[in-house]
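Taking it in order: structure first as structure tokens, then the write-up.
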Amino acid sequence: MPNPLSAILVQRMVPQEFLGQVYAGIAEVYGGTIREVTTGRILAELVEVGSSLGGHPPAGAAGVADAASRRIIGIATASTALSGLTLAVSTAGFLFLTKRLLAIDARLQEIQKDVKYIRSFLETRQRAELINAMHTLRDAKDAKAESTREQLLIDSRQELGTLSHHYAIQLQEVEDDAVFEAAEEYFSLSALGHAHCTAELGMANTATNDYRRSFETWSEAVTRYAKQHMLKDDPERFLGQRFAEIASVEQIATWMEQFTGQAPAGNWIDELRKRPAATSWWTTKPTAEDQSTVRLLDKLAARKRTMDGYTSQYQRLEERQMRPSEFRAAVDKLRPAELIDGVVVIVDPEPEQKVLGS
């Protein structure tokens, strides 16, 4: 049986012209994709594969283009690491979702002694239901009958849909950073699980639309919270000396773009500099609150890009009429020689085939 990915090219390295486009601002690494800035058209996908492939690229394969591709993959990894999501949004499966839930819970267990509301958050019925739904999905692959697997997916989809609505309300209501972060994590996870169930049930169009709406809900809530509780009325304070060691101008530009709509180019820095500072610019030591704010802003900005990447990926699966598990199975059949540090780069043949060859 031919590999379902035979209609697209698989390259060991990101072509040099993509690297130039990224650095020129024509293209950008977004989630697990490289896409045009103006049109949003996906130029390439970065797919992280499992250990089942094994092996490494052949000796002597590294070169200028290989080094360039590693730089692009490095950009993508850096931009998504803080979000806690995978680089390869295409292949996120139910096991990944379960592991992500365990990581979230471990983080919340660490801070529950310091944040009084977190303990009650951990003890809610909705959290128990989320754990149960994720465990059900993880084990659904072991069902001997397809009808049983399908029923497990249907039941979990219903439960995850209800939970995502619950956590969406939480995102609108909570005012504490730690509790907001917990609600944001659980919402992101339940919304992704819901879309993944839908896609696995063969409802690709519904999955795409559902996840797009979830992303819009998330974006609206996170933008409101970031403006009110983190950027506040004095974002110019981030240009002060006390933030110099924990927040670069590039980070600040990203926050302003993602949460205020101001483009990272232009005179926005000069505009902030003109505003009267509420606090001294020359306080040299950032507070614990400052560090927490920077960490959360970075995380939410990276999450926004990654969730947008998931939206694009579900749309791509819809276009190919493939379930996520089918895409994953196809990727797992690729040869180890087509890997770069465990990452496969998949490029559509048009119009790039004129450059790459078919």
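The values are calculated or read from the model by the stated rules, or taken from the named source; none is laboratory data. None of the values given here were measured: they were computed from a predicted structure. Counting neighbours? That spans all protein chains shown, and the Cβs are built from the backbone with ideal geometry, glycine included.
Structural remarks
- For the residues Thr306, Thr287, Thr283, Thr311, the requirement of being among the β-branched types (Val, Ile, Thr), over 21 Å from the mean Cα position of the chain (by Cα) and at pLDDT 65 or above singles out Thr287.
- In the stretch 106-120, residue surrounded by the most Cβ atoms within 10 Å (Cβ to Cβ) [restricted to those that are touching a helix residue (DSSP H, G or I) at 6+ places or on another chain (Cβ under 9 Å) and among the polar types (S, T, N, Q)]: Gln112
- Scanning the stretch 91-126 for residues that are modelled with pLDDT of 75 or more and among the acidic types (Asp, Glu), we see that the one that is farthest from Arg157 (Cα to Cα) is Glu110.
- Check on Val343, at pLDDT below 60, within 18 Å of the chain's Cα centre (by Cα) and of a type outside the set (Phe, Trp, Tyr): yes
- The listed residue being among the hydrophobic types (A, V, I, L, M, F, W, C) and either touching a Cys at 6+ places or on another chain (Cβ under 7 Å) or surrounded by fewer than 20 Cβ atoms within 10 Å (Cβ to Cβ) (or both), out of Val222, Val249: Val249
- Taking the conditions (1) touching a Phe, Trp or Tyr at 6+ places or on another chain (Cβ under 6 Å); (2) within 14 Å of Gly93 (Cα to Cα) in turn, Ala182 satisfies each one other than (2).
- For the stretch 243-267, the set of residues classified as at pLDDT below 80 and under 15 Å from Lys227 (Cβ atoms) consists of Gly261, Gln262, listed by residue number.
- Of all residue pairs spaced 6 or more apart or on separate chains, those with beta-carbon atoms under 9 Å, a first member in the stretch 99-118 that is of a type in the set (D, E, K, R) and a second member that is surrounded by fewer than 16 Cβ atoms within 10 Å (Cβ to Cβ) and assigned to a helix (DSSP H, G or I) are Asp105/Leu122; Asp105/Ile131; Lys113/Arg119.
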